[in-house]
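Written below as structure tokens is the structure these notes are about.
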Amino acid sequence: QFLAVMSLLLLAVQIPCMTEHNKHNGLDYWNQYSSDWTEKEKQACNTCLGNHDGDRGAYGFEIPRYGEYCHEHDMAHCGDYPSEALAGDWCCRRWCYVSPECPIAQRALQHGDGKDPKKSLPFNYWACDDDREKVLNCPWTGHLEWTVPPLDKLPDEQKLIPSHWPYFGSITPGFAGPRRHSGLFVVYLQLVALCVFLVGVALQKERIRYTDTKVDKNTTHPNDYAITVWGLPKTATEEINIAKFFRDNAVKDQQVDIVKVVICWDLTEYADIDAEMKREIKTLRNLVYKQGFKQDHPQVKSTIAKLNRFKELINSTGPQTAAKMRSTGIAIVIFRNQEDHRKCLDRWSGFWPNWSNCERHPYWGNFCRGEALPKFPNSDGRPIWALRVQRSSNPADVNWVDLGRNWKERLKGVIINGVIMLVLVCLAILLVYLLQLLQDKLKEEAKDEAGRTTVSIRSGMSALPAVIVSIINMGLVFSSKKLSEREYHPTKTHEAASTAVKMTTALVTNTSLVLFLLNMQSTTWYTSGGLVVDLFWMLAINVLMPPFVAALDLPTKLKRFVRYIKKVPQRITEVDRSSGEGMLKFWEPSEFYSARRYASALQTFICCAVYQPLMPQALIAAFIGICLQYIIDKYMLLRVHKRPPILEGPGLAHVSLQTCRFFVCLGLPVSTTIFLWPSFNEGNGFWTSIILGGFGIGFVSYILSDAVQSLVSCTCSGLRRAKVEVSGDASDIDYYSAQHFWPASMKYHKAHVLYKELPESLNPENLD
């Protein structure tokens with residue numbers, strides 16, 4: 001919804017830009033312009049001489065100040081000109097005499113002595129902006145060679161896009177012609193679009209926070225009682241010591257009730273123990289069932305003794321036992337009351353607690369630090385260990401195996417996967433480039449005897465890279481998911497967010513950057529095989545295809561196919577109960593993959609937002625594509641896919657919003673510079689406006705904290721920051737009562753990989 005609304009708002013900002021572009025009529029000049037012109041030649045083409053050197057008119061007509069300044073000098077007399085004048089649209093166009101040093105200056109027979117065109121003054125239409133209404137309503141038609149090269153004499157690859165459907169060249173900056181925009185109004189509007197986007201992002205963050213608080217208001221989840229503690233010593237393996245510390249120090253000058261402490265054990269050691277246990281169990285089965293050894297056999301006794309030692313080691317992680325395994329320095333502390341939980345977070349979380357181990361100042365709040373927070377004691381009772389506290393994720397969301405990984409392991413995984421992802425994106429770009437070469441070759445082979453290519457073939461060739469890019473994007477999405485699974489993430493939400501960032505980066509790079517790399521020369525952007533045409537087809541295919549591919553629900557159809565091939569319905573009645581339950585997966589609906597849907601929506605919006613300076617109408621495609629995806633995704637989520645296995649919080653939405661802000665804040669000033677610069681006069685403050693405006697706004701948006709941006713945006717827009725208090729009914733429910741509403745998988749001491757292996761006597765499901 002946010003991206004759809006932002007598309008409409010940005011489109012509203014672009015409407016004056018499109019109107020400004022439409023006032024000109026210089027699209028044809030891209031076939032004459034050369035970026036190799038010298039400054040003197042550019043000046044000569046853009047400056048009227050201001051005199052007519054005795055030429056008072058054409059064909060014997062005396063016209064005041066003929067050719068001295070920009071005007072439709074021939075319009076009032078074209079109807080009276082002789083037939084050899086070949087009256088056409090040039091009659092309604094503005095022109096003036098220019099210096100002969102202009103490379104595209106032309107001479108005409110009717111100027112000068114009427115006999116030798118070489119003796120006439122050079123003139124140029126480039127120096128003047130046409131009156132768009134007069135040109136469109138011109139009573140004379142036809143095109144003469146002294147204006148621009150006629151379209152029927154241009155090569156196919158140099159033919160310009162039409163000013164109407166489907167590419168609407170009249171509302172692109174190319175319609176002004178090269179170096180013909182004089183004011184900075186369009187540039188300033190791009191800066192306004194960036195500001196509108198940043199305000200929208202800040203308001204959306206506030207909306208996410210409000211929605212999360214509202215959802216949390218009258219519902220009770222396990223993380224309403226639990227905090228995650230970081231920074232404990234790895235020797236802190238006694239639950240009672242950690243519980244005692246937080247009972248006395250969680251809330252200042254008050255003791256609180258602690259229900260349970262779940263220690264996050266070093267599961268790398270448990271993984272080795274688990275592998276050893278599986279090998280010993282396999283050995284025991286081989287000895288007893290295959291070789292027929294009895295239980296009093298020495299090898300059988302030795303194997304059973306090893307298994308008992310492993311079980312004893314696992315059972316040592318239970319409460320009130322001397323743990324023999326290592327801790328990761330992380331623990332989850334569960335409070336009895338929500339009120340104590342909130343007071344603890346208020347005291348132990350925030351800027352000052354995280355950065356200086358101090359409380360917030362009781363009067364100045366976050367502007368000044370307060371007293372030092374208590375430190376966890378060592379074995380001698382001396383306070384040494386500074387702790388970091390945050391609200392826990394729900395049990396089903398925690399990656400227990402990866403939770404204790406240190407920052408070096410996490411960083412190593414991110415770097416390795418980032419390099420792999422970069423290589424894959426580069427290979428994708430190279431593949432698209434090779435396909436572009438193939439496209440050019442096929443165009444050459446498709447030309448007829450006259451050396452021309454039909455419109456249908458040209459359109460098909462332009463759509464070919466877009467189709468290939470869409471297929472490559474599917475491969476990048478699959479690679480992003482697999483690479484994220486190899487990284488170490490504390491929660492499944494973090495893993496999904498990492499996947500969404502990788503997918504978005506890969507999709508945006510492979511969709512938008514590839515187009516620009518294949519069409520870097522500005523003089524070809526508005527041709528029939530140029531950037532605007534390629535962008536049109538790229539958006540048409542990559543915006544519409546992903547939602548419909550998601551609607552096909554290919555994983556479920558694949559399960560049906562496998563179910564049919566393996567004849568599962570017949571086999572399920574012939575096997576035992578446990579094997580039959582394993583076959584039920586072939587009837588299970590597929591899972592709704594949120595990271596992929598976020599990445600697809602972000603790809604659509606970011607590509608259209610970045611290319612809006614070149615093609616403002618791309619925002620219409622963004623709105624249509626995002627609305628279409630929203631409708632299809634909502635239907636699939638509610639009617640087709642199975643219920644998500646975990647409760648998704650606001651984490652994925654926050655990360656996706658940050659990713660969107662990064663690409664747009666960086667991409668929009670860059671794209672404004674690249675795509676508008678060829679259409680603007682040099683030396684009119686263009687660079688100053690972009691550098692101080694666009695890049696300055698983007699930089700400030702990065703250095704300001706989210707809290708400051710939300711506060712400023714809400715204040716400027718007249719909105720009040722939303723505040724939702726926790727319901728009194730919900731806060732009255734203590735953990736001992738609430739635990740009976742949750743399954744075992746939603747309880748920390750039963751969801752932990754190691755704790756759930758403990759017997760019920762050591763780790764009961766319901767605590768008292």
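The values are calculated or read from the model by the stated rules, or taken from the named source; none is laboratory data. Computed from a predicted model, the values in this text were never measured in an experiment. Cβ: placed from backbone, ideal geometry, glycine included. Neighbour counts: every protein chain shown. Each accessible area value is taken on the protein alone, full model and side chains, heavy atoms only, with ligands, DNA and RNA left out. Shrake-Rupley method; radii C 1.70, N 1.55, O 1.52, S 1.80 Å.
Listed values, structure above:
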read-out: Residue satisfying condition, being open to solvent by 10 Å² or more (accessible area, probe 1.4 Å), under 25 Å from PHE592 (Cα atoms) and assigned to a helix (DSSP H, G or I), within set LEU544, LEU513; value: LEU544
read-out: Index of the failed condition, LEU154 passing every other in (1) touching a helix residue (DSSP H, G or I) at 6+ places or on another chain (Cβ under 7 Å); (2) open to solvent by 60 Å² or more (accessible area, probe 1.4 Å); (3) at pLDDT below 70; (4) among the aliphatic types (A, V, I, L, M); value: (2)
read-out: Residue within segment 203-219 that is farther than 30 Å from ILE646 by Cβ and surrounded by fewer than 21 Cβ atoms within 10 Å (Cβ to Cβ) present; value: no
read-out: Meets criteria (open to solvent by less than 70 Å² (accessible area, probe 1.4 Å) and modelled with pLDDT under 90) for ILE242; value: no
read-out: Of all residues in segment 585-641 being under 16 Å from PRO546 (Cα atoms) and assigned to a loop (DSSP other than H, G, I, E, B), the one that is least open to solvent (accessible area, probe 1.4 Å); value: PHE592
read-out: Yes/no for GLU101 being farther than 30 Å from VAL664 by Cα, among the acidic types (Asp, Glu), open to solvent by 10 Å² or more (accessible area, probe 1.4 Å) and at pLDDT 75 or above; value: yes
read-out: Scan of segment 339-357 for residues that are modelled with pLDDT of 90 or more and either among the aromatic types (Phe, Trp, Tyr) or open to solvent by less than 10 Å² (accessible area, probe 1.4 Å) (or both), ordered by number; value: HIS341, CYS344, TRP348
read-out: Boolean, LEU198 is at pLDDT 85 or above, over 21 Å from ALA396 (Cβ atoms) and assigned to a helix (DSSP H, G or I); value: yes
read-out: Failed item in (1) over 28 Å from ALA618 (Cα atoms); (2) at pLDDT below 85; (3) surrounded by fewer than 23 Cβ atoms within 10 Å (Cβ to Cβ), with LEU558 passing the rest; value: (2)
read-out: Members of segment 563-584 found to be in contact with a Phe, Trp or Tyr (Cβ under 7 Å, 6 or more places away or on another chain) and either open to solvent by less than 40 Å² (accessible area, probe 1.4 Å) or under 16 Å from LEU3 (Cα atoms) (or both), listed by number; value: VAL568
read-out: Qualifying residue in segment 172-186 (condition: of a type outside the set (Val, Ile, Thr) and over 30 Å from ASP129 (Cβ atoms)); value: no
read-out: Any chance THR505 is at pLDDT 75 or above, out of contact with any Asp or Glu (no Cβ under 7 Å at 6 or more places or on another chain) and under 30 Å from GLN390 (Cβ atoms); value: yes
read-out: Residue in segment 322-330 that is assigned to a helix (DSSP H, G or I), at pLDDT below 85 and polar (S, T, N, Q) present; value: no
read-out: Verdict on TYR59 being at pLDDT 80 or above and either within 56 Å of the chain's Cα centre (by Cα) or assigned to a loop (DSSP other than H, G, I, E, B) (or both); value: no
read-out: For THR220: the one exception among (1) assigned to a loop (DSSP other than H, G, I, E, B); (2) closer than 30 Å to VAL700 by Cα; value: (2)
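Here is a yes/no grid of residues against (1) over 30 Å from VAL508 (Cα atoms); (2) crowded, with 20+ Cβ neighbours inside 10 Å:
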| site | (1), (2) |
| --- | --- |
| GLY381 | yes, no |
| TRP385 | yes, no |
| ARG388 | yes, no |
| ASN394 | yes, yes |
| GLY404 | yes, yes |
| TRP407 | no, no |
| LEU411 | no, no |
| VAL419 | no, no |
